[in-house]
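Below you'll find the structure, written out as structure tokens, and then a few comments.
The values are calculated or read from the model by the stated rules, or taken from the named source; none is laboratory data. Only a predicted model underlies this, so the values are computations on that prediction, with no experimental measurement involved. Counting neighbours? That spans all protein chains shown, and the Cβs are built from the backbone with ideal geometry, glycine included.
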Amino acid sequence: MTDDADRFPPLAEPPAEGAMVAASPYLRRFFKGLNRWFMVPAHHAGLGAWVSTPVGGWILLLRVRGRKSGLIHETPLNYLIADGAAWIVAGFGRQTEWYRNLLADPSVEVRLPGRAFTGTAVEVLDPVVRARLIPALVRATGLPGMMVVPSPMTTPDEEILDATAWVPLIRLRPADGSELEPGPDDPGGRGWIRRQVLVSFGLLLLWRAGRHALRSGCDCRPCAKTRA
């Protein structure tokens, strides 16, 4: 699965200590629950674009075959579209479960907001490619990017690369040879603005309807005065 491993140096070893590594058991449990009960159902319901924002990051659904069970596993991941492919990182390093599954079988199914494709996963070690894509990818993760550096949007690229020197970078390319183009619902697009305006408007209507219902059914003196 590795692209030209003989031409490029291997990744750095993960730090012995660090917020992301030390907290990984807790983070894994949190993300496992979030993915299972919210993100995966949202993508299956066609709501992938609705859960992708600059705050929480843009999310794809990666489907890989388990190396031991042979079953298909689904993992929501932050991503970036560049060079005709989708790009992801294994945030917990080489111990990341879906990454280890890809080593056994690099064939994948990818569900992006609004479209899907079958393809092949390849780890890219080229330091020039990593230097160009990883900082942009970390910034596309929104708040979760703060697990990498405290302020992804203002941190220099060099510091982001130092913090992710041990993190695998994976390219997901369509099997039919087509090239992916970034759309309005992908990182950098503005499709999320319209959706969040609609969500905010809907929440406002629900809040006003709820307040009206409470006041209509309340017999206390302040509410009676309001109705009068």
Exercise. Does L205 qualify as being part of a helix (DSSP H, G or I) and in contact with a Leu (Cβ under 9 Å, 6 or more places away or on another chain)?
Worked result: no
Seminar exercise, completed: Taking the range 169-201 and keeping only residues that are in contact with a Gly (Cβ under 7 Å, 6 or more places away or on another chain) and in a loop (DSSP other than H, G, I, E, B), one is left with A175, E179, L180, P182, G183, P184, D185, G189
Exercise. Which ones in the range 62-102 are in contact with a Gly (Cβ under 7 Å, 6 or more places away or on another chain) and either within 29 Å of L198 (Cβ to Cβ) or among the polar types (S, T, N, Q) (or both)?
Worked result: N78, N101
Exercise. Within the set of pairs 6+ apart or on separate chains, which have a first residue in the range 144-163 that is under 18 Å from G188 (Cα atoms), a second that is at pLDDT 90 or above and surrounded by fewer than 14 Cβ atoms within 10 Å (Cβ to Cβ), and C-beta atoms under 8 Å apart?
Worked result: D157/A131
Exercise. Given the conditions (1) at pLDDT 95 or above; (2) out of contact with any helix residue (DSSP H, G or I) (no Cβ under 7 Å at 6 or more places or on another chain), and given that V89 satisfies all but one, which numbered condition is not satisfied?
Worked result: (2)
For this session: Sort out which residues of the range 62-80 are surrounded by fewer than 22 Cβ atoms within 10 Å (Cβ to Cβ) and either of a type in the set (K, R) or in contact with a strand residue (DSSP E or B) (Cβ under 8 Å, 6 or more places away or on another chain) (or both), and write them in order of number.
Result: R63, R65, G66, R67, K68, L71, I72, H73, E74, T75
Exercise. Any idea which of (1) surrounded by 11 or more Cβ atoms within 10 Å (Cβ to Cβ); (2) free of Cβ contacts under 8 Å to residues at least 12 places away in the same chain is the one L206 doesn't satisfy?
Worked result: (1)
Problem set entry | Out of T120, T141, sole residue that is surrounded by 15 or more Cβ atoms within 10 Å (Cβ to Cβ), assigned by TED's automatic domain parsing to the domain that holds A12 and more than 18 Å from the chain's Cα centre (by Cα) | T120
Seminar exercise, completed: Scanning the range 131-168 for residues that are assigned to a loop (DSSP other than H, G, I, E, B) and either in contact with a Pro (Cβ under 6 Å, 6 or more places away or on another chain) or at positive phi (or both), the one modelled with the lowest pLDDT turns out to be G142
Seminar exercise, completed: Pairs returned, first residue in the range 46-58 that is surrounded by fewer than 22 Cβ atoms within 10 Å (Cβ to Cβ), second residue that is in a loop (DSSP other than H, G, I, E, B), beta-carbon separation under 6 angstrom, 6 or more apart or interchain, are P54/G142; V55/G142; G56/G142
Problem set entry | Of the criteria (1) loosely packed, with under 14 Cβ neighbours inside 10 Å; (2) hydrophobic (A, V, I, L, M, F, W, C); (3) over 21 Å from V64 (Cβ atoms), which one A163 fails | (1)
For this session: Tell me which residues, restricted to the range 143-169, are among the hydrophobic types (A, V, I, L, M, F, W, C) and touching a helix residue (DSSP H, G or I) at 6+ places or on another chain (Cβ under 7 Å).
Result: M147, V148, V149, M153, I160, L161, W166, V167, L169
Problem set entry | Scan of the range 72-97 for residues that are in contact with a His (Cβ under 9 Å, 6 or more places away or on another chain) and within 17 Å of P168 (Cα to Cα), ordered by number | P76, E97
Exercise. Within the range 212-224, can one find any residue that is at pLDDT 85 or above and assigned to a helix (DSSP H, G or I)?
Worked result: no
Problem set entry | Members of the range 56-81 found to be touching a helix residue (DSSP H, G or I) at 6+ places or on another chain (Cβ under 7 Å) and not in a strand (DSSP E or B), listed by number | G56, G66, R67
